[in-house]
Amino acid sequence: MAGPTTAERGARRQEPSGPPPVRRLRLLLRSPRLRTIIILAVALTLLGAGGGWLLYGSQLLRLERVSVSGTRVLTPEQVREAADAPVGEPLISVDTEAMESRLRQKLPRIDTVDVERSWPHGMGLKVTERTAVLLVEKGGKFVEVDDEGVRFATVSDAPKGVPLLELRVSRSSSAAASLRRFGEARLTREAVRVAGALPDRVARLTRVVKVRSYDDVSLELGDGRTVAWGSGEKGALKARTLNALMKAAPEARHFDVSVPTAPASSGS
């Protein structure tokens, strides 16, 4: 009996060796591991869609209230108004960085602010206000200056215990050169630097910080005594020297610690 022809042998070689595609799919679907993967994939898809709707589309997680903490001079109402929080919008979509920027721009008294979401309906604004360490009198009012030399607010009444800053550069060539070199802002920061280095009891008595040049800063105390401080350099050493000098010469009316290794006192 004759064997298969060449065409028949070629046709047999082209036939698939495994089960048909439909049958293969059915076999795969019967695999417990594959069914588990498919179920998990479907569940994750549904969960993601549901979570997106919950965060962005539903009324359940929308901004309803804004709380404010940390204010001293500012009122919570002022802070909320400046923050301009998008009440009614999805809480997840609130731009906290933009809110912080608006607060610092509209309320220079604010030094730092933390904006935090308080799920499910709140937003918290934790404010830290600047503290005045010096005052600049201007037009019958007072400009508050913080410990970084920033002029952040103008008030009608001078806060108690905050010294006045008198920035009056003399007409001498050296003083004028100092102003040109350092500028008013730098000289103001130098005055702030001096105020921050004062001994506690001297700081409580200081009423005026006078700046004539970068290295000519002096103090007027509430009891009429004066202190020549010099520049803001070596502040800690000058503070210790002034303390010792005041104890050694309690009746003196003028103290000079501009050169802390050679202090002097005078008057009685």
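So, of the residues in segment 107-135 that are of a type in the set (A, V, I, L, M) and without any contact (Cβ under 8 Å) to a residue 40 or more places away in the chain, which turns out to be farthest from LEU61 (Cα to Cα)? Talk me through it step by step, then tell me what you get.
From segment 107-135, those of a type in the set (A, V, I, L, M) are 107, 110, 113, 115, 123, 125, 127, 132-135; that's our starting set.
Pick out the ones that are also without any contact (Cβ under 8 Å) to a residue 40 or more places away in the chain and you get 107, 110, 113, 115, 132, 135.
Working: LEU107: 29, ILE110: 29, VAL113: 23, VAL115: 17, ALA132: 40, LEU135: 46 Å.
Once the filter is applied, the top-ranked residue is LEU135.
Tell me the residue from ARG186, ARG201 that is more than 21 Å from PHE152 (Cβ to Cβ), under 36 Å from the mean Cα position of the chain (by Cα) and exposed (fewer than 15 other Cβ atoms within 10 Å of the Cβ), please.
Of the residues listed, the single one that is more than 21 Å from PHE152 (Cβ to Cβ), under 36 Å from the mean Cα position of the chain (by Cα) and exposed (fewer than 15 other Cβ atoms within 10 Å of the Cβ) is ARG201.
Looking only at residues in segment 55-73 that are surrounded by 14 or more Cβ atoms within 10 Å (Cβ to Cβ) and hydrophobic (A, V, I, L, M, F, W, C), which one is modelled with the lowest pLDDT?
LEU55
Determine which single condition GLY161 fails, assuming it passes every other condition in (1) part of a helix (DSSP H, G or I); (2) at pLDDT below 95.
GLY161 satisfies all of (1) part of a helix (DSSP H, G or I); (2) at pLDDT below 95 except (1).
Restricting attention to segment 132-147, which residues are in a loop (DSSP other than H, G, I, E, B) and either touching a helix residue (DSSP H, G or I) at 6+ places or on another chain (Cβ under 9 Å) or under 12 Å from GLU190 (Cα atoms) (or both)?
Initially, segment 132-147 is screened for residues in a loop (DSSP other than H, G, I, E, B), giving 132-133, 139-140, 146-147.
If the condition is that a residue be in a loop (DSSP other than H, G, I, E, B) and either touching a helix residue (DSSP H, G or I) at 6+ places or on another chain (Cβ under 9 Å) or under 12 Å from GLU190 (Cα atoms) (or both), then VAL133, ASP146, ASP147 are the ones that fit.
From the list SER258, SER213, SER268, pick out the single residue that is modelled with pLDDT under 95, among the polar types (S, T, N, Q) and within 38 Å of the chain's Cα centre (by Cα). If you could, list the steps in order and put the result at the bottom.
Details: SER258 fails: modelled with pLDDT under 95; SER268 fails: within 38 Å of the chain's Cα centre (by Cα).
Answer to the selection: SER213.
Quick check: anything in segment 140-162 among the hydroxyl-bearing types (Ser, Thr, Tyr), within 29 Å of VAL192 (Cβ to Cβ) and assigned by TED's automatic domain parsing to the domain that holds GLY196?
Step one: list which residues in segment 140-162 are among the hydroxyl-bearing types (Ser, Thr, Tyr), which gives 154, 156.
Now narrow it down to the ones that are within 29 Å of VAL192 (Cβ to Cβ): 154, 156.
Narrowing the set further to residues that are assigned by TED's automatic domain parsing to the domain that holds GLY196 leaves 154, 156.
Checking segment 140-162: at least one residue is among the hydroxyl-bearing types (Ser, Thr, Tyr), within 29 Å of VAL192 (Cβ to Cβ) and assigned by TED's automatic domain parsing to the domain that holds GLY196.
The values are calculated or read from the model by the stated rules, or taken from the named source; none is laboratory data. Predicted model, so just to flag it, every value in this text is computed and none were measured. Note: ideal-geometry Cβ built from the backbone for every residue, glycine included; neighbour counts use all protein chains shown.
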